[in-house]
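Asker: Pasting in a structure now, in structure tokens, and then I'll have a few things to ask.
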Amino acid sequence: MAAHRAGERPAYSVVVPAPADPAPTDPGMTPASTRGADGPEGGPETPTFLRRFGALLVDWVIAQLVVVLLLRIDTTAGGTAALVPLGVFALYTVLLVSLTGGATLGHRLFGLQVWKVREGAFPLQVVIRTLLLCLVLPAVLTSRDGRGFHDVAAGTRIVRP
């Protein structure tokens, strides 16, 4: 990671503006989910649902592999053992997004990064985002600007920088 001058923060902790117009009226304009946050001429791009889902799938497979191969827990037996992959996924996501520049391995593979859009402690925002992500429904439902409800509630945004 590059050194920062006094008072500067890494990119993932910068407050990112929301897309200017999530519902364009000009038929020639691209939808907010595919253009940059600052308009078509610049800024980070909001990724598509498929790109976000692909990154989530990669991260879920990694969590499953950790549980089955490293922890040697049989999740097919049911009971509380079936919830261990979810706990590993949550811990993996919180640690990597908080400590490695706003991205898990799945995010990096799909060119994604989690950024702040609201003031606050980024690690706490990541915990809120991850807990809501584990509930699935807030991540599937999206706001008008293409952000999942888990990102809206946590004050974060996933982008393609």
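Laboratory data are not the source of any read-out in this text; all were calculated from the coordinates shown. Given the structure is predicted, the values throughout are model-derived calculations rather than measurements. With ideal geometry, Cβ positions are generated from the backbone for all residues, glycine too; neighbour counts draw on all protein chains shown.
Asker: Can you give me the three principal axis dimensions of the range 69-161 from its C-alpha atoms, in Å, biggest first?
Answerer: That gives 41, 26, 25 Å along the principal axes, largest extent first.
Asker: Of Val97, Val61, Val136, how do they rank once you tally other Cβ atoms within 10 Å and put the fewest first?
Answerer: In order of increasing Cβ crowding within 10 Å: Val136, Val61, Val97.
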